[in-house]
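Values quoted throughout were computed directly from the atomic coordinates according to the rules given, and no laboratory measurement underlies them. Keep in mind that what you see is a predicted model, and the values were worked out from it rather than measured. Because the Cβ atoms are built from the backbone with ideal geometry, glycine has one as well, and the counts that use them run over all protein chains shown.
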Amino acid sequence: MRHLIDPLDLNLAETGRLLDLAEEIMNRQGEFAHCCQGKILASLFFEPSTRTRLSFESAMLRLGGQTLGFAGAQSSSAAKGESVADTIRMISCYADIAAMRHFKEGAPFVAARYGKIPVINAGDGGHQHPTQTLTDLFTIRRCRGGVDGLTIGLCGDLKFGRTVHSLIKSLVRYRNVRFVFISPEELRVPGYILKEVVEPSGHPWQEARRMEEVMPQLDVLYMTRVQRERFFNEEDYVRLKDSYILTPEKLGAGKGELAVLHPLPRVNEIDQRVDQDPRALYFEQARGGVFVRMALILSLLGLAPGVLEEREWQGA
Ligand code: NCD
């Protein structure tokens, strides 16, 4: 049995084949409408979510399967003190696959160890968010034809943003990628990611405090919101929340084929006028997330032969 807890749970070839399948599903949706008939997805969301939860549920419904679950820790037995290990043991009796979002780093990892069904990490604390990464890669591949050779700017809360952490982990596996990390001093990419992921990759990287300085170099600009819920005090959040606001004027210095991505939700970091620019791909990115999750569900349930290799999940 395989799980997706960390982006490295899929090797590069598997990632490529999964994104190919997502593309095939996007182009020929009708052919996949009954693939998961009789199967149930449990969506276990201990933390708020709109896109991720609904896109998992939409993905399963579009495959002809069904869903059950909860959308907050208060409405689950976690409120009574149940452990993640016990929750997933029970859910294994009710569903064939589970997507779990949890405020605690490592919770989906524990679920994968104790459950009897494939577990997908739908975001754990400030740690990882591998299905968002697949969605990001899907969007980059579609608009730029591939990932190799691109200069990728990541902007905003690079400290607490789990989508950023997962994306970096996955991007280092491509060739000739260059990173530009744009953040305030206090929200820099965590030291362990620079040391254990970016530096060993040998890819060039730089840090910038102002997006204007680096805009002309970028092929992809990945904007993120400041993660209010992970701050220790409100004052720091208020001081840092508007560190970056992408406006049409700032975007004016960007390349004609620049791709502007954002995992959403957006708060203030992208001026709504930017939405009209053809380089603004974030809503298209969210649409792609459904096809990516359809491909993932099929693969983990063993219904898409050839995408995943025959091996047991080890935990990356
Ligand atoms: C992201 C998340 O939950 O980490 N949202 C999402 O899944 N699309 C980004 C965020 O909340 O800022």
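Before moving on, here are some points about what is shown:
- Residues Y114 and E14, FRET efficiency given R0 of 30 Å [Cβ-Cβ distance, rounded to 0.05]: 0.80
- The order of the peptides 11-23, 248-260, 301-313, 55-67 by mean Cβ neighbours within 10 Å, most packed first, is 55-67, 11-23, 248-260, 301-313.
- Under the shape rule built on the C-alpha gyration tensor, where the axes satisfy a ≥ b ≥ c, the range 207-278 is prolate, since a/c reaches at least 1.5 and a/b is greater than b/c.
- Rounded if a/c under 1.5, otherwise prolate or oblate - the range 172-239, Cα gyration tensor axes: oblate
- A dipole drawn for the chain from +1 and -1 charges on Cβ atoms has a positive end, and of H165, G123, P184 the residue lying farthest that way is G123.
- When the chain is reduced to its Cα atoms, the Kirkwood hydrodynamic radius in Å: 19.9 Å
- Spatial separation of Cα centroids for the range 239-316 and the range 12-83, in angstrom: 17 Å
- Charge dipole of the range 93-204 (Cα centre as origin; +1 on each Lys and Arg Cβ, -1 on each Asp and Glu Cβ, all else neutral): 280 debye, rounded to the nearest 20.
- When you filter the trypsin sites (Lys or Arg not before Pro) in the range 115-181 for DSSP loop state and at most 15 other Cβ atoms inside 10 Å of their Cβ, you are left with K116, R173, R175.
- Top positive-direction residue, dipole computed over the range 185-280 with Cβ charges, set L261, V238, L251: L261
- Calculated [θ] (222 nm, deg cm²/dmol) that DSSP helices of n ≥ 4 give over the chain, each run adding -39,500 (n - 2.57): -10000 deg cm²/dmol
- Dipole axis of the range 21-78 (+1 Lys, Arg; -1 Asp, Glu on Cβ), positive-most option in I25, S75, S49: S75
- The range 52-137: C-alpha gyration tensor shape, a/c 1.5 cut-off, then a/b vs b/c: oblate
- Residues considered: D96, D219, D86. Largest GNM mean-square fluctuation over the chain, using C-alpha springs under 10 Å, is found at D86.
- For the listed residue pairs K169/K241; K116/K241; K80/K241; K169/K255; K104/K241, the alpha carbons are over 31 angstrom apart in K116/K241; K80/K241.
- In the range 231-316, Cα pairs under 8 Å separated by at least six residues give a relative contact order of 24 percent.
- Each Lys and Arg adds +1 at its Cβ and each Asp and Glu adds -1 at its Cβ; summed about the Cα centre, the range 271-316 shows a dipole of about 100 debye.
- Counting only Cβ charges, +1 for Lys and Arg and -1 for Asp and Glu, the dipole size of the chain around its Cα centre is about 360 debye.
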